[in-house]
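**Q** Shown below is the structure under consideration.
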Amino acid sequence: MGHKVNPIGLRLGINRTWDSRWFAGKGEYGKLLHEDLKIREFLMNELKAAAVSKVIIERPHRKCRVTIHSARPGVVIGKKGADIEKLRKKIGTMTDSEVHLNIVEVRKPETDATLVAASIAQQLERRVAFRRAMKRSVQSAMRLGADGIRINAGGRLGGAEIARLEWYREGRVPLHTLRADIDYGTATAHTAYGTNGIKVWVFKGEILEHDPMASERRALEGGNEGDRGGDRRRDRDRDREGRGRRRDRDAGDRDNA
């Protein structure tokens, strides 16, 4: 199961929600779906330098609200908002609806799976050693409050004749636990030897209440996420110490008896 199921699709409606949120009547659905795909593809190509994590599209009546989650919002907005106006006009040519653009800053790109995967892919294209790139990403994510991370890299790694899969993992990555908030992202590195695929799973703690918007709300609040991660780790260490002391006390009582 851990190898076969996309962690995001598995958790839709449990602790995360869809990236396209709208309702279409009969005969409209296909048209709007293709509009969404075109808009996403255009933004991902246009904003390669802006580290775009995801694009959320909502369609209230006769409107198209596009929210771009980016680690470098300044690149998207441009000088005095000039670039954002150009983007709005270009997206307006792809849809009949009135376009509204929102930019949301990703405060911790080191714990965003899509951005971690894209960063490793860029490093592989620049011929950085794949092991060093993966280890550095794992350490950064754990330092900034992730509870666990796993990175897979597959292909002709280091220019080897035979393609293979290498992976690193640190912390917990519970793929079968539905309440786990797992962020998943992929990227492709186009190297001189061929293409290498990168997959990243980031475990950001457990969401106990049944709330499809929970992971998004947590990402928006995310300023103190690293502190929460540190608090969680401190709580775990305290529990472990307490259990150890209780075991020692019980052993002493048995010896005295």
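Conditions (1) under 17 Å from residue 219 (Cβ atoms); (2) open to solvent by less than 70 Å² (accessible area, probe 1.4 Å); (3) part of a loop (DSSP other than H, G, I, E, B), marked per residue:
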| site | (1), (2), (3) |
| --- | --- |
| 34 | no, no, no |
| 38 | no, no, no |
| 42 | no, yes, no |
| 55 | yes, yes, no |
| 103 | yes, yes, no |
| 107 | yes, no, yes |
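**Q** So which residues in the stretch 82-101 are outside any helix (DSSP H, G or I), at pLDDT 90 or above and either in contact with a Phe, Trp or Tyr (Cβ under 8 Å, 6 or more places away or on another chain) or open to solvent by 40 Å² or more (accessible area, probe 1.4 Å) (or both), if there are any at all?
**A** Across the stretch 82-101, the qualifying residues are 93, 94, 98, 100.
**Q** How about the stretch 126-151: which of its residues are touching a Gly at 6+ places or on another chain (Cβ under 8 Å) and either within 21 Å of residue 195 (Cα to Cα) or of a type in the set (Asp, Glu) (or both)?
**A** Of everything in the stretch 126-151, those that are touching a Gly at 6+ places or on another chain (Cβ under 8 Å) and either within 21 Å of residue 195 (Cα to Cα) or of a type in the set (Asp, Glu) (or both) turn out to be 129, 130, 147.
**Q** Six or more apart or on different chains, Cβ atoms under 6 Å: show the pairs whose first residue is in the stretch 137-152 and closer than 10 Å to residue 200 by Cβ and whose second is hydroxyl-bearing (Ser, Thr, Tyr) and open to solvent by less than 20 Å² (accessible area, probe 1.4 Å).
**A** Note: pairs meeting the criteria are 141/111.
**Q** Is there a residue being of a type in the set (S, T, N, Q) and closer than 26 Å to residue 186 by Cβ anywhere in the stretch 96-110?
**A** Yes, the stretch 96-110 has at least one match.
**Q** I'd like the full set of residues that are touching an Asp or Glu at 6+ places or on another chain (Cβ under 9 Å) and open to solvent by 40 Å² or more (accessible area, probe 1.4 Å), limited to the stretch 124-136.
**A** Our first condition is that a residue be touching an Asp or Glu at 6+ places or on another chain (Cβ under 9 Å); within the stretch 124-136, this holds for 130-131, 134.
Across the stretch 124-136, the qualifying residue is only 131.
**Q** I'm checking my understanding of the structure. Among residues of the stretch 13-32 that are in a loop (DSSP other than H, G, I, E, B) and open to solvent by 60 Å² or more (accessible area, probe 1.4 Å), which one is farthest from residue 207 (Cα to Cα)?
**A** 27
**Q** Looking at the stretch 216-228, is at least one residue at pLDDT below 95 and in contact with a strand residue (DSSP E or B) (Cβ under 6 Å, 6 or more places away or on another chain)?
**A** Within the stretch 216-228, the subset at pLDDT below 95 is 216-228.
Filter once more, so that each one left must be in contact with a strand residue (DSSP E or B) (Cβ under 6 Å, 6 or more places away or on another chain): none.
No, every residue in the stretch 216-228 fails to be at pLDDT below 95 and in contact with a strand residue (DSSP E or B) (Cβ under 6 Å, 6 or more places away or on another chain).
**Q** From the list 49, 121, which residue is out of contact with any Ser or Thr (no Cβ under 7 Å at 6 or more places or on another chain), open to solvent by less than 70 Å² (accessible area, probe 1.4 Å) and either closer than 30 Å to residue 132 by Cβ or not in a helix (DSSP H, G or I) (or both)?
**A** Only one candidate qualifies: 49.
**Q** Going by the conditions given, is residue 116 under 30 Å from residue 31 (Cα atoms) and touching a residue at least 12 places away in the same chain (Cβ under 8 Å)?
**A** No, not satisfied.
**Q** Hey, another quick one. Tell me which of these residue 153 doesn't satisfy, since it passes every other one: (1) over 30 Å from residue 77 (Cα atoms); (2) modelled with pLDDT under 95; (3) aliphatic (A, V, I, L, M).
**A** (2)
**Q** Can you tell me how many residues within the stretch 57-74 are over 20 Å from the mean Cα position of the chain (by Cα), open to solvent by 20 Å² or more (accessible area, probe 1.4 Å) and on the phi < 0 side of the Ramachandran plot? Explain how you work it out, then say what you get.
**A** Start the filter on the stretch 57-74 by keeping residues that are over 20 Å from the mean Cα position of the chain (by Cα), which leaves 59-65, 74.
If we keep only those that are open to solvent by 20 Å² or more (accessible area, probe 1.4 Å) too, we end up with 59-63, 65, 74.
After this cut, where a residue has to be on the phi < 0 side of the Ramachandran plot as well, the list is 59-61, 63, 65, 74.
Number satisfying all stated conditions: 6.
**Q** Further question on the same structure: Is it the case that residue 214 is under 25 Å from residue 45 (Cα atoms) and either over 16 Å from the mean Cα position of the chain (by Cα) or crowded, with 18+ Cβ neighbours inside 10 Å (or both)?
**A** Answer is no for this residue.
The values are calculated or read from the model by the stated rules, or taken from the named source; none is laboratory data. Everything numeric in this text was worked out from a predicted model, so none of it was measured. Cβ: placed from backbone, ideal geometry, glycine included. Neighbour counts: every protein chain shown. When the accessible area is computed, the model is the full protein with side chains, heavy atoms only, and any ligands, DNA or RNA have been set aside. Shrake-Rupley method; radii C 1.70, N 1.55, O 1.52, S 1.80 Å.
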